[in-house]
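The values are calculated or read from the model by the stated rules, or taken from the named source; none is laboratory data. This structure is a prediction, so every number in the text was calculated from the model and none was measured. Glycine gets a Cβ as well: all are built from the backbone with ideal geometry, and neighbour counts include every protein chain shown.
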Amino acid sequence: MSRKILLVDDDQNTLDLLELFLYKDYDIITALNGFEGLTRAENDLPDLITTDITMPVMDGIRFFNRIGRSELIKRVPIIAVTSFAENVTGKSLLNMGFSGVIPKPLEREIVTGTIAAAFESAGKKDAEKNINKG
């Protein structure tokens, strides 16, 4: 079964490009703002989420914080997609707990590499939890 990724962005062109980069390897779900993304995340239970930071209705930071309070999906890796990735904001997002940051404009190798790294990191965390339980 293919892993499911929820893409949240208010720009349809960005969603289309991300989907183009990812559709062969993942099942893709999309949402146009954080509020819609929260609903889709709780209903579809994705394995990973990417979110734009600056969006109407509910921005990426509020979306991230709301996901963190949901028992169903709080452990899902979330990657920020932003044009501010190369300055202090990118580091701040990682410090907040985002699993990665993808800079805009989007580049296929960075998108796929960041997502692969987030899945790998999440897998290691799951393995550590299972070891600590045993």
* Cβ-Cβ under 6 Å pairs, at least 6 apart or on other chains, the stretch 1-30 side within 16 Å of residue 41 (Cα to Cα), far side of a type in the set (Phe, Trp, Tyr) and in a loop (DSSP other than H, G, I, E, B) -> 3/26; 5/26
* Asked: Across the stretch 113-134, which residue is surrounded by the fewest Cβ atoms within 10 Å (Cβ to Cβ) among those that are within 16 Å of residue 4 (Cβ to Cβ) and either at pLDDT below 50 or touching a Leu at 6+ places or on another chain (Cβ under 7 Å) (or both)?
  -> 119
* So how many residues does the stretch 1-10 have that are surrounded by 15 or more Cβ atoms within 10 Å (Cβ to Cβ) and either not in a strand (DSSP E or B) or not β-branched (Val, Ile, Thr) (or both)? -> 5
* Asked: Which condition number does residue 61 fail, the rest of (1) at pLDDT below 95; (2) under 12 Å from the mean Cα position of the chain (by Cα); (3) in a loop (DSSP other than H, G, I, E, B) being met?
  -> (3)
* Asked: Looking at this structure, is residue 108 touching a helix residue (DSSP H, G or I) at 6+ places or on another chain (Cβ under 9 Å), exposed (fewer than 14 other Cβ atoms within 10 Å of the Cβ) and not hydrophobic (A, V, I, L, M, F, W, C)?
  -> yes
* Of all residues in the stretch 21-46, which are closer than 19 Å to residue 119 by Cβ and surrounded by fewer than 17 Cβ atoms within 10 Å (Cβ to Cβ)? -> 23, 24, 25, 27, 44, 45
* To do: Of the conditions (1) touching a Gly at 6+ places or on another chain (Cβ under 6 Å); (2) within 19 Å of residue 106 (Cα to Cα), residue 58 clears all except one; give me its number.
  => (2)
* Can you tell me which residue among 68, 60 is touching a residue at least 40 places away in the same chain (Cβ under 8 Å) and of a type in the set (Gly, Ala, Ser)? => 60
* Asked: Looking at the stretch 62-96, which of its residues are among the β-branched types (Val, Ile, Thr) and buried (at least 18 other Cβ atoms within 10 Å of the Cβ)?
  -> 67, 73, 76, 78, 79, 81, 82
